[in-house]
1. Among the residues of the range 159-171, write down those that are open to solvent by 10 Å² or more (accessible area, probe 1.4 Å) and in contact with a Ser or Thr (Cβ under 8 Å, 6 or more places away or on another chain).
2. Looking only at the range 207-257, which residues are open to solvent by 30 Å² or more (accessible area, probe 1.4 Å) and under 12 Å from the mean Cα position of the chain (by Cα)?
3. Do we have any residue at all in the range 146-158 that's free of Cβ contacts under 8 Å to residues at least 40 places away in the same chain, surrounded by fewer than 21 Cβ atoms within 10 Å (Cβ to Cβ) and more than 16 Å from the ligand (Cβ to nearest atom)?
4. Would you point out the residue of the range 207-242, among those that are aliphatic (A, V, I, L, M) and assigned to a loop (DSSP other than H, G, I, E, B), that is nearest to the ligand (Cβ to nearest atom)?
5. Tally the residues that are in contact with a Ser or Thr (Cβ under 8 Å, 6 or more places away or on another chain) and crowded, with 22+ Cβ neighbours inside 10 Å, restricting the search to the range 20-36.
6. Search the range 67-87 for residues that are under 18 Å from I99 (Cα atoms) and pair each with any residue that is at pLDDT 80 or above and open to solvent by 50 Å² or more (accessible area, probe 1.4 Å) when their beta-carbon atoms are under 6 Å apart and the residues are at least 6 apart or on different chains.
7. Would the range 198-206 turn up any residue that is surrounded by fewer than 22 Cβ atoms within 10 Å (Cβ to Cβ) and not in a loop (DSSP other than H, G, I, E, B)?
8. If M280 satisfies all but one of (1) touching a residue at least 60 places away in the same chain (Cβ under 8 Å); (2) assigned to a helix (DSSP H, G or I); (3) over 19 Å from G217 (Cα atoms), what's the number of the condition it fails?
Amino acid sequence: MKKKILLLGSTGSVGRNTLEIIEQNPDEFELVGISAHSNVDLMSRQYQKYNPACVCISNSEFANGIAKTVYNGSQLFSGSEGLRTMVREADADIVVNSIVGAAGLLPTLDAIAAGKNVALANKESLVVAGELVTSEARTHGVEIFPVDSEHSAIWQCLLGENNNTIRRIILTASGGPFLKRKEETFDSITVEEALNHPNWKMGNKITIDSATLMNKGFEVIETFWLFGVPPDNIDVVIHPQSIIHSMVEFIDGSVKAQLGIPDMKIPIQFALTYPERRPMAMHNSFLFSHAELTFEPPDYEQFPCLLMAYNSLQAGGTVPAVLNAANEVAVTLFIKGEIKFSDIPVLIDTALQLHTIKHNPSLDDYLEADQWARSVTLKKVQHYD
Ligand code: MG
């Protein structure tokens with residue numbers, strides 16, 4: 001039986017890699033649907049090529065652009081509600097969620113409620129509402145397979161182990177493009193410089209998050225929800241070569257690491273073929289082309305976003321949702337050239353300071369905190385000068 005895959009965010013970096021994997025394993029997978037937000041051209045080409053049973057453009061303004069190209073027989077959905085309907089109704093075994101940002105949360109919850117396993121690249125689902133997402137997954141007997149390379153590494157290290165025997169998790173971080181840059185010059189960082197990640201080719205939002213280390217902060221939160229390890233036992237280590245994707249230290253002092261070249265196809269394929277492994281052509285000679293693998297502690301002063309993420313996780317409730325939403329707004333403004341790179345943590349911190357935490361939040365509380373943080377952050381920028 002082929003695994004039926006519904007792919008959300010098909011035009012992004014993880015989406016395109018997922019399509020390649022599906023294409024390379026035609027006996028293994030069937031693509032039942034794709035969604036994209038606004039990249040109608042690429043999505044139309046993907047649709048023509050793979051001809052899935054359902055297709056969704058989640059920004060309804062672009063729906064007409066795709067409607068012309070969709071054949072009879074395929075179901076066309078549009079808008080954020082259309083996306084949710086498609087997730088609930090599509091005949092899929094696994095939903096690959098590679099949507100960017102908090103917009104991925106409701107589709108994750110819909111997939112879980114519909115009893116579909118989730119291959120989760122949308123880490124923001126867990127950052128915003130990790131407690132809700134993981135408890136819903138338990139209630140519905142649904143599995144969440146990590147796609148993030150670090151979490152795939154931890155997952156692979158933990159196969160055959162008992163989670164009670166974890167002493168700590170060591171998340172590796174490349175350090176991004178500004179690891180060696182003087183903090184005094186962070187004001188003058190250009191968008192182009194920030195989008196130039198040394199090791200990974202990714203979408204714009206996550207690349208900026210990697211440059212501020214917010215991405216690593218999000219991954220600390222993601223680790224907590226996926227593996228149940230307390231924040232004090234999750235360490236971040238800078239490993240600029242991005243060869244070790246993360247490590248687990250056990251109570252007996254033994255440490256397991258997972259290594260590989262930095263290529264998202266490896267964690268994506270494992271999430272889709274688990275519990276099996278399937279062949280993939282990889283050039284691992286690159287692994288040994290590094291003279292050495294190095295490790296250093298992160299600089300929390302230079303990269304305050306990482307500490308903000310730890311603190312938000314400790315605070316709990318609606319705080320991580322605010323962290324995420326303020327970050328999304330700040331990153332968008334930076335990419336548009338409206339704020340400086342060094343303004344990003346300042347804006348996020350302002351939203352966090354102003355927020356009144358709500359404990360044991362409902363879904364509506366999370367969504368409200370998200371909206372509140374967006375408008376507070378935008379207002380702050382409008383009064384900036
Ligand atoms: Mg990652």
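1. Within the range 159-171, the first condition is being open to solvent by 10 Å² or more (accessible area, probe 1.4 Å), and the residues that meet it are 159-168, 170.
I170 - this is the single residue of the range 159-171 that is open to solvent by 10 Å² or more (accessible area, probe 1.4 Å) and in contact with a Ser or Thr (Cβ under 8 Å, 6 or more places away or on another chain).
2. None; the set is empty.
3. Narrowing the range 146-158 to residues free of Cβ contacts under 8 Å to residues at least 40 places away in the same chain: none.
No - not one qualifying residue is present in the range 146-158.
4. Residues of the range 207-242 that are aliphatic (A, V, I, L, M), as a first pass: 208, 211, 213-214, 220-221, 226, 229, 234, 236-238.
Still in the running and assigned to a loop (DSSP other than H, G, I, E, B): 213, 229.
Values: L213: 12, V229: 16 Å.
Looking at residues that are aliphatic (A, V, I, L, M) and assigned to a loop (DSSP other than H, G, I, E, B), I get L213.
5. Residues flagged as in contact with a Ser or Thr (Cβ under 8 Å, 6 or more places away or on another chain) and crowded, with 22+ Cβ neighbours inside 10 Å within the range 20-36 amount to 3.
6. Close Cβ pairs satisfying both conditions: S78/S60; G79/S60.
7. Step one: of the range 198-206, the residues surrounded by fewer than 22 Cβ atoms within 10 Å (Cβ to Cβ) are 198-205.
Adding the requirement that they be not in a loop (DSSP other than H, G, I, E, B) leaves 204-205.
Yes, that holds for at least one residue.
8. Condition not satisfied by M280: (2).
The values are calculated or read from the model by the stated rules, or taken from the named source; none is laboratory data. This one's a predicted model, so the numbers in the text were calculated from it and none came from an experiment. Methodologically, a virtual Cβ is constructed for each residue, glycine included, from the backbone with ideal geometry; neighbour enumeration extends over all protein chains shown. These accessible areas exclude ligands, DNA and RNA; they are computed on the full protein's heavy atoms, side chains included. Shrake-Rupley method; radii C 1.70, N 1.55, O 1.52, S 1.80 Å.
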